[in-house]
Every structure is written in C-alpha cells, then in structure tokens.
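Heads up: the structure comes next, in structure tokens.
The values are calculated or read from the model by the stated rules, or taken from the named source; none is laboratory data. All figures in this text were calculated on a predicted structure; none of them were measured in a lab. Here the Cβ positions follow ideal geometry from the backbone for every residue, glycine too, while neighbour counts run over all protein chains shown.
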C-alpha cells in the first residue's frame, strides 16, 4: 500500500473529488480526516471508511476553523503528513459584469484564502516533523479559461502560481507542494460551471471541448493525488498536473 502509515487531511471531502481522494487514501493505507463544512456529509463518508477516518466540520475560509481542524487531526492521528486543499467554489457561468462583490469574495475566500490559512497552520507542524506534503486542487480554468467564469478562472490561476511559489520557498524544509488541474467533472458544481441545465445535450457541448471525450471523474483526481502524495513522488514539487483528457493542449 502506497500510503501505509501516512496521516492525511482532505478538505471538501464529503463529496465529489474530495471523497474520491479520501477513499483512495484509506485504500492505500492512510488515515484521513474528512474535512468539510457539510458536517453530516463528512460523518457519513467517515462512517463508510471506518476506523481509518474521522470527520471534522470546518469552514476553510476561517483561520480558526482551519487551525482547529489541523489540531484535531494531529490529536487523533499523532501527526499530519499530507494535506489536500480540495474545497472550492465558483460563480455560475455568466457574463463577468453580472457577478457581485460578495460572490467574488466568496470565491477567493474558499479557493485562495483557504490555502493561506492551511499553509500558516501546517508549515510549523511540518517544520517540526521534518517535512510534509501539500496538494492543491486547482483547475484547467486557471490555465485555459472558459468565458463566463472570469472570477473563478482568476482564483484558480492564483492557486496554480501560489502552489509553485510555495514549492520553491518551502523546499529547504522538505515540504513538497504540488497542484492538480482537473477539467470539468460531474460534481455538485457542474451546472454552475456550465451555466445551463445539466442535460445530456448540454453536457455533450462541453465534452466536445475535451479531446478524450469525457468529463473528469473522482477516480482520475484521486489517482493523481495518490501519486503526488506518495514517496514515489519524493523529488516532485511545484508541478501543476493537468488531469484533463487533453483540454489544455
């Protein structure tokens, strides 16, 4: 098992990509904290995964919540080796002038500020332990943006660059920081990304822009996250791994 003995924390893990990552991590021998604002959903996932998982309610945009989640994970597992910043949010796909300031701030609070909070909380832990791994789930939107999602696109561009900058600055501390850039997937945010109802016809229009002919699935992101978290990737840092079926080519 590729993560045997590792302790992990995954945000936004009550559903979608985060749930898939948590399931894969447990299957590969890790203990995982299921961190989500949806407490009941987090508890349900943790119950499915058994003794290797705990559920923690957390608003990732709040520094105190993030610190409490990290402390609870360390208390439960004795250490924290790997953090996956997966929680995310978007405005509905629409002309950029139709997005108000409150929505813009929410996008940045969840997609960008959350990584700031996690970094400030985890780096002291990892320096004391002698190393750690952070994986940030960005998006192809931060590389090849779609119209109608300008503010979301820009937040994921920030995630991508932040990831690379963190990797350079934290490398001397044996802290690896990598990113994953998924193409659109069948998650709870799909209709917001599309800006139209989730019908087979509308899906087909978006799938037509992906050379490999399908949306991303949780297993795709989970498998990429497994590799980046594992010791097999111990010389890999600052990478934005595009899991996109060729979308960004």
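Quickly run through the stretch 78-94 and pick out the residues that are assigned to a loop (DSSP other than H, G, I, E, B), farther than 17 Å from residue 39 by Cα and in contact with a strand residue (DSSP E or B) (Cβ under 8 Å, 6 or more places away or on another chain). If the condition is that a residue be assigned to a loop (DSSP other than H, G, I, E, B), farther than 17 Å from residue 39 by Cα and in contact with a strand residue (DSSP E or B) (Cβ under 8 Å, 6 or more places away or on another chain), then 78, 79, 80, 81 are the ones that fit.
Any residue at all in the stretch 123-135 that is in a helix (DSSP H, G or I), buried (at least 17 other Cβ atoms within 10 Å of the Cβ) and under 17 Å from the mean Cα position of the chain (by Cα)? Scanning the stretch 123-135 turns up no residue that is in a helix (DSSP H, G or I), buried (at least 17 other Cβ atoms within 10 Å of the Cβ) and under 17 Å from the mean Cα position of the chain (by Cα). Against the criterion of being surrounded by 16 or more Cβ atoms within 10 Å (Cβ to Cβ) and over 24 Å from residue 29 (Cβ atoms), residue 115 qualifies. Going by the conditions given, is residue 187 touching a residue at least 40 places away in the same chain (Cβ under 8 Å) and closer than 25 Å to residue 73 by Cβ? Criteria met by residue 187. Checking the stated criteria, residue 34 turns out not to satisfy the condition of being in a helix (DSSP H, G or I) and either on the phi < 0 side of the Ramachandran plot or crowded, with 16+ Cβ neighbours inside 10 Å (or both).
From the list 158, 141, the lone residue that is crowded, with 22+ Cβ neighbours inside 10 Å and either at pLDDT below 95 or closer than 26 Å to residue 95 by Cβ (or both) is 141.
Residue count for the stretch 4-25 under the criterion of being surrounded by 23 or more Cβ atoms within 10 Å (Cβ to Cβ) and in a loop (DSSP other than H, G, I, E, B): the result is 3. Taking residues in the stretch 109-132 that are without any contact (Cβ under 8 Å) to a residue 60 or more places away in the chain, and partners anywhere that are surrounded by fewer than 20 Cβ atoms within 10 Å (Cβ to Cβ) and not in a helix (DSSP H, G or I), the pairs with Cβ atoms closer than 7 Å and at least 6 places apart or on different chains are 110/89; 111/89; 129/79; 130/174; 131/174.
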